[in-house]
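For reference, the structure is listed below as C-alpha cells.
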Amino acid sequence: MRYYSYFPGCSAESTGLGLGLSTEAIAAPLDIELVELEDWNCCGSTPYGSLDDEESIVVAARNLALAEKSGFDLVTPCSSCYVTLAGANRHLQERPKLMTQVNEALAVAGLEYKGSIRVRHLVDVLYNDVTPEFIAGEVKNRLDGLKVAPYYGCQLVRPRYGLDDTEHPHTLDDLVECLGAEAVNFPMKARCCGGSLTISEEKNVLELTRKILQSAAQNGSQCIVTPCPLCQTNLDAYQSRINARFRADFKIPVLFITQLIGLALGLEAKSLGLDTNIVSPREVLDYIYNRINYVTTHPTEERE
Amino acid sequence: MEPRIGVFICHCGSNIAGTVDVEDVARFARGLESVVVACDYRFMCSDPGQELIKKDIKEFNLNRVVVASCSPTMHEPTFRRAIQEAGLNPYFFEMANIREHVSWVTEDKEKATEKAKALVAAAVRRVYYHEPLEAREVDINPNTLVVGGGIAGIQAALKIADSGNKVYLVDKNPSIGGHMAQLDKTFPTLDCSACILTPKMTLAGSHPDIELLTYSEIEEVSGYVGNFKVKIRKKARYIDLGKCTGCGRCLEICPVRVPDEFEQGLGKRTAIYKPFAQAVPNKVLIDPENCLHLKGLAEGKDVCRLCQKGIEKKGIPGCETGAIDFEQKDEIIEVEVGAIIVATGFKLFDPGIIYQYGYGRLDNVYTSLEFERLVNSAGPTGGHIVLKDGSEPQRIALIHCVGSRDEQYHEYCSRVCCMYSMKFAHLIKEHTTAEVYEFYIDIRSFGKGYEEFYNRVLEEGTVFIRGKPAEVTNIAETPEEEGKLVVQFEDTLIGEQRRLPVDMVVLSCGLEPRQDVEAVARLFNISRSADGFFMEKHPKLDPVATMTDGIFLAGCCQGPKDIPDTVAQASAAAAEALAMISRGKVEIEAATAVINEKLCTGCQLCKAVCPYSAISFDEDKKVCQVNEALCKGCGACVGGCPGDAISLSHYTNEQLLAQMEGALT
C-alpha cells in the first residue's frame, strides 16, 4: 500500500464530480491510500495568480503546510491545481525570502511550511508509482478494441515539471493502452482547450475545442479521456454549443482517465460518476460490456 | 637556513578587493609564523607588482614567497619567474587562489575574508617545507599527429608539412574532406565548396611529408608533450590501396543498394563504393555490413564476389588489378609524435527530437545538410530542388535556430546557421521561382561581407519573419492549407499568431559535439566546456592550446565556427605545433616521484600503475627506480605504493599536511 496526501480540488466536488468519485474508487484496487487533507482550501488556480502573485502563493502554501504534517507526497487529480500547487512549491523552495514572507502570513493560522514535500499529479502517480504494468495486471474487463483519444490538455505537461514531453507526451497513451484499449493518433492531444476563458471569451474557446474534437473524431476515437476537469467541462458540456455554432454533429463522450481505468478494473459505472457526464457515454459502455459496436457514429466532416 | 616568508596579496582591481578585505588579510598574514613581511597591492602580476616582490626579497632577505591572487594556471609561471630573477629557486613559491576559489564564488564579504585568510595560512605553512628543484628539458619529436581530415585538419597538416616536418593525418572516414566536402556553395562569396576544397585535399593526399591514414581511428595515446606514442587502428577496407586505381568498374557490378551516408541518405550507393567522386584517396572500399560476400562468409557461405570475378554471361570483367582482398584484417600501427592537433569536427543537431517540427515524420521537411546535397549539382537530384513527388516547390520555409539558442537543446548560438540559411535563400531564388520565407530570432551576420550578403538576399525578395515557429503541421484548417505543410508562428514584429502554408521546410540545424566526444576527450586527456565542445586553455589569450601540453585544437571540435574561422584556427594550431618543434626542447615540470630505496620492497606495484612507463626494476638491488625524464609527476605510484616508499617532490606528505593544518587553524 502506498500513502499519499490527497487534494481533490474544487472541481472534483462540483463540475468535475466524476473525477473525484472515480479517483477515490480506483485507489483501493490499485493499492494506494489517498488521505484527504483536512480542511484544505481552494488552490487559488490561475485567476488569483494573475492578480497578485505573492498572495496567491500564500493560498496555495496553506495546503502545502497542511500536507507537510504527514510528509506524504501531495497528490491532486486536477491539472490546474497541480500547476498552481507545484508552481508555488517550486517558488517557495527556490526563494528563501518569499518563504519567510509566506510563513509570516501562515503563522497567523498557526501554520508553517518548510518546503519538504513533493506535489504530484495523479497521472504521475499512476504512471511512475503504480505503473501501467501493475494496472494491466489488475484489469478485470479488458477494453480490447476501444479507440480512445488521450487528451492531455496543456497544464499537465506545460509548464515543465519533468513529468512528460511537452509537445509529444506519452504517459496517458501508455495508461490507456495498459487497459487493452487503443490510443489513437491524436495530434492535438497537448493543445490548450481554452480553460476558464469559456466564461469571458467563449467564442475563442469554442474554436479551440472544436479543433480538438475534430482531430479526435477524424482519427476514429469512440471517446476522449483526460485527467483535467477544466478540459473535460469544455469538451463535454460545451459540445452542444460547438455543434450549434459550427453546425457540426459531434457526439464524443469525454471521460476522465480515472473513469476509464475504473471501467477496466470492473467497477460499476455509477460509482465512477459516469452518470454525471453530459455527452452520454452509453455507446462506450455498450461496447465495453456488450461488445456492441456502433460504427461511424461520429462525423468525420463538418456539415456545410 | 631559517625560512623567511613574504606574503603578497593581490587586489586584482576590484575582482578580489571588491569581496575580500585584502588589508585585513595582509594584517593577518603578518601575524603568521616565519612571515617577515606581508602587503597588498592592486595588480601583483603587473611590472610594478613584480618589482615590489623582488625589492622585498632583497630588502627583507626573503627565501620563501606566497602570492595570494588568482589561479596558479593563470600566473604561477609569472611569479616563479619573478622570484627566480630575484635570485631564489622558483620552487620556493606557493600561490593561494583567492579569486576563483574565493571572491568570484562568494558574495558575503566576511566569509570571503575568512576563507582568504585560511588559504593564505595554508600556503604559508606549505611553503615553509618547500625544497629547491630544478626544471628538466627533454627533446621534442618533430613529427605531428593531426586527428580529423576536415578542412581544419587538412589546413593544419598542410601548413606543418610545408615546413618540411612530417605529419600523420588520420581520419576515421574513408576519405578526407569532412563536412565541407558535402556543402554546395560557401557564404558569402558563393565559391563552390568542392572547388576550393578539393585542391587542398589533393595536395594533402600527395604531399611527401603527409602520411594519410584514412579509415583509421586512434586507439591509444601515451607519453607526454614532445614524446607522444600513438596507436592507430587502420580498419580493413578489403581493398589493396596499392593496386586499386579508382577506376570504378566494380561500382557498376555490385548488386547491393544502401542509403548513401555522404548524400545524407537521400541517394543510394553500392556495398563496394567510393565515398564521393573527388575522394582522397581516390580508391574504393567495401562496407562489410552490407557486402553480400562478407556477410555470407560470416555464415560460412561463398556468395556473390561479382566485383572480383565480373559477370561472365554479359562479358563484364571483374577487378583487373586484383585489388579486392576479402581476407584483409584491421591493422594496428604505432607512431611517435611530438605534438597532436585535434580537429575532429562537429555533428549536425538531429531535429527528430523536436517532435513539433515534424522531421522524419512529415514529407518534405529537410535538415540543412540534406538541403546542401539537394541543391548540389553532384547530389542525388542533380541540383534540382524538388519535392518528394518530383514537382517543384512554390514556397519554401527556412527555420533558423533549430537546436540552437534554445535551453531545451543547446543554449549556444551555432554561428553558421543564419548565414547558410541566407545562402540557401539565394540558391533557391537562383534555381527555382519559389517564394522563400526565413523564420529567424535575430540575424547574426557578423563576419566580413556577411551584412552585405544579408542585404543582397533581402533585395532578392526573400521574406524575413521574426519569430520562431511553434510547429510544422500537416493538419489543415482552411482549404488553402490542404496538402501543404503549415508553419504556425508568432510574428513578433506585429505581435500576432499566423499560419503559413508551404511546400518544403528546411530546418537550419545547429552544430553540436560529435557522439564520441567524451571518448575522444578521455583518449587525449583534454577537458570539455559546458557546451560539450573541447575546452581551450584560455578563451581569449590561448584559444588553440589545451590544458594538456602538446595537444592543440582546431575547428568545430572546439566550438561552432564558419570556414574562415576554422581555417584561421587551424593555421594557428599549426603555428603552435611548429613553434614547439623549432624550439627543439621543452621544459617539463620538476616535480617527479622519488623512491626511497631503503623502504622499497621491490613489489613492483608502482611499475604496474605508472601510465608513462617511467618506473623500472633494478634486478641487482631488487628495488624500483624512477626515470626522471619520463616521470610526469602524476603521483599514481605514490598512492599505489603499499610501503610508503615513494614520495612526490613538491607534493610531499610533509608539505600537504602542513597545508591542511594551515587551512584548518
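The values are calculated or read from the model by the stated rules, or taken from the named source; none is laboratory data. Predicted model, so just to flag it, every value in this text is computed and none were measured. In this analysis, Cβ positions are derived from the backbone assuming ideal geometry, glycine residues included, and neighbour counts consider all displayed protein chains. What goes into the accessible areas is simple: the full protein's heavy atoms, side chains included, and nothing from ligands, DNA or RNA. Shrake-Rupley method; radii C 1.70, N 1.55, O 1.52, S 1.80 Å.
Set side by side, the residues B:Gly177, B:Gly164, B:Gly148 differ, and just one is on the phi > 0 side of the Ramachandran plot and over 23 Å from the mean Cα position of the chain (by Cα), which is B:Gly164.
Given the criterion in contact with a Cys (Cβ under 7 Å, 6 or more places away or on another chain) and either within 14 Å of chain B (Cβ to nearest Cβ) or not charged (D, E, K, R) (or both), identify the matching residue among A:Pro169, A:Pro187, A:Pro229. Step through it out loud before you land on a result.
On the way: A:Pro169 fails: in contact with a Cys (Cβ under 7 Å, 6 or more places away or on another chain); A:Pro187 fails: in contact with a Cys (Cβ under 7 Å, 6 or more places away or on another chain).
Only one candidate qualifies: A:Pro229.
Would you mind stating whether B:Ala68 is part of a helix (DSSP H, G or I) and either modelled with pLDDT of 95 or more or on the phi > 0 side of the Ramachandran plot (or both)? Against the criterion (part of a helix (DSSP H, G or I) and either modelled with pLDDT of 95 or more or on the phi > 0 side of the Ramachandran plot (or both)), B:Ala68 does not qualify. Of the residues contained in segment B:134-152, one or more are found to be over 30 Å from B:Glu334 (Cβ atoms) and surrounded by fewer than 24 Cβ atoms within 10 Å (Cβ to Cβ).
The residue of segment A:190-207 that is nearest to the other protein chains (Cβ to nearest Cβ), among those that are under 19 Å from the mean Cα position of the chain (by Cα), surrounded by fewer than 21 Cβ atoms within 10 Å (Cβ to Cβ) and among the hydrophobic types (A, V, I, L, M, F, W, C), is A:Cys192.
In the set (1) of a type outside the set (Lys, Arg); (2) surrounded by 15 or more Cβ atoms within 10 Å (Cβ to Cβ); (3) farther than 16 Å from B:Val127 by Cβ; (4) touching a residue at least 60 places away in the same chain (Cβ under 8 Å), B:Ile5 fails one condition alone, (3). Filtering segment A:224-247 to residues that are of a type in the set (A, V, I, L, M, F, W, C) and crowded, with 18+ Cβ neighbours inside 10 Å leaves A:Ile224, A:Val225, A:Cys228, A:Leu230, A:Cys231, A:Leu235, A:Ile242.
At least 1 residues being over 17 Å from the mean Cα position of the chain (by Cα) and either in contact (Cβ under 8 Å) with a residue 40 or more places away in the chain or surrounded by 14 or more Cβ atoms within 10 Å (Cβ to Cβ) (or both) is the threshold, and among the strands (runs of 3 or more DSSP E) wholly inside segment A:72-170 those reaching it are A:147-150. Going through segment B:226-235 one residue at a time, which ones are open to solvent by 10 Å² or more (accessible area, probe 1.4 Å) and of a type in the set (Gly, Ala, Ser)? Across segment B:226-235, there are no qualifying residues. In summary, A:Ala60 fulfils each of the numbered conditions (1) among the aliphatic types (A, V, I, L, M); (2) open to solvent by 40 Å² or more (accessible area, probe 1.4 Å); (3) in contact with a Ser or Thr (Cβ under 6 Å, 6 or more places away or on another chain) with the single exception of condition (2). If you go through segment A:256-272 and keep only what is of a type outside the set (S, T, N, Q) and open to solvent by less than 10 Å² (accessible area, probe 1.4 Å), you end up with A:Phe256, A:Ile257, A:Leu260, A:Ile261, A:Gly262, A:Leu263, A:Ala264, A:Leu272. Taken together, B:Leu119, B:Leu52 contain a single residue that is at negative phi, in contact with a helix residue (DSSP H, G or I) (Cβ under 9 Å, 6 or more places away or on another chain) and not in a loop (DSSP other than H, G, I, E, B), which is B:Leu119. Across segment B:59-67, a minimum of one residue is classified as farther than 28 Å from B:Thr548 by Cβ and open to solvent by 70 Å² or more (accessible area, probe 1.4 Å).
Pairing residues of segment B:227-241 that are within 11 Å of B:Ala339 (Cα to Cα) with residues that are open to solvent by less than 10 Å² (accessible area, probe 1.4 Å) and part of a loop (DSSP other than H, G, I, E, B), at Cβ distances under 8 Å and at least 6 apart in sequence or on separate chains, gives B:Asn227/B:Gly338; B:Phe228/B:Gly338; B:Phe228/B:Gly550.
Against the definition (free of Cβ contacts under 8 Å to residues at least 40 places away in the same chain and not in a loop (DSSP other than H, G, I, E, B)), how does A:Leu260 come out, yes or no? First the steps, then the outcome.
On the way: free of Cβ contacts under 8 Å to residues at least 40 places away in the same chain: no; not in a loop (DSSP other than H, G, I, E, B): yes.
So A:Leu260 does not fit the description; no.
Take segment A:141-166 and flag every residue that is within 14 Å of chain B (Cβ to nearest Cβ) and among the acidic types (Asp, Glu). Of everything in segment A:141-166, those that are within 14 Å of chain B (Cβ to nearest Cβ) and among the acidic types (Asp, Glu) turn out to be A:Asp164, A:Asp165.
Being open to solvent by 10 Å² or more (accessible area, probe 1.4 Å), aromatic (Phe, Trp, Tyr) and under 30 Å from B:Leu32 (Cβ atoms) holds for only one residue in B:Tyr129, B:Tyr168, and it is B:Tyr129. Answer yes or no: is there a residue in segment B:292-299 that is part of a loop (DSSP other than H, G, I, E, B) and under 40 Å from the mean Cα position of the chain (by Cα). Taking every residue of segment B:292-299 in turn, none turns out to be part of a loop (DSSP other than H, G, I, E, B) and under 40 Å from the mean Cα position of the chain (by Cα). For segment A:209-223, the set of residues classified as surrounded by fewer than 19 Cβ atoms within 10 Å (Cβ to Cβ) and at negative phi consists of A:Lys211, A:Asn219, listed by residue number. Within segment A:54-101, the set of residues being of a type in the set (Lys, Arg) and more than 27 Å from A:Glu33 (Cα to Cα) comprises A:Arg95, A:Lys97. Could you pull out the residue among B:Lys314, B:Lys283 that is at pLDDT 90 or above and open to solvent by 20 Å² or more (accessible area, probe 1.4 Å)? Answer to the check: B:Lys283. Each residue in segment B:201-225 was checked for being closer than 22 Å to B:Gly178 by Cα and either of a type in the set (Phe, Trp, Tyr) or open to solvent by less than 60 Å² (accessible area, probe 1.4 Å) (or both), and 12 pass.
Any residue that is free of Cβ contacts under 8 Å to residues at least 12 places away in the same chain, within 25 Å of B:Glu496 (Cα to Cα) and among the charged types (D, E, K, R) - is there at least one of those in segment B:414-431?
At the first step, the residues of segment B:414-431 found to be free of Cβ contacts under 8 Å to residues at least 12 places away in the same chain are B:430.
Of the ones still in play, those that are also within 25 Å of B:Glu496 (Cα to Cα) are none.
Among the residues of segment B:414-431, not one is free of Cβ contacts under 8 Å to residues at least 12 places away in the same chain, within 25 Å of B:Glu496 (Cα to Cα) and among the charged types (D, E, K, R), which makes the answer no.
Mind listing whichever residues of segment A:43-57 are open to solvent by less than 60 Å² (accessible area, probe 1.4 Å) and either modelled with pLDDT of 95 or more or out of contact with any Leu (no Cβ under 8 Å at 6 or more places or on another chain) (or both)?
Keep residues of segment A:43-57 that are open to solvent by less than 60 Å² (accessible area, probe 1.4 Å), which gives A:43-45, A:49, A:52, A:56-57.
Those that are open to solvent by less than 60 Å² (accessible area, probe 1.4 Å) and either modelled with pLDDT of 95 or more or out of contact with any Leu (no Cβ under 8 Å at 6 or more places or on another chain) (or both): A:Gly44, A:Ser45, A:Gly49, A:Asp52, A:Ser56.
Of the listed requirements (1) without any contact (Cβ under 8 Å) to a residue 12 or more places away in the chain; (2) within 22 Å of the chain's Cα centre (by Cα), A:Glu55 misses just one: (2).
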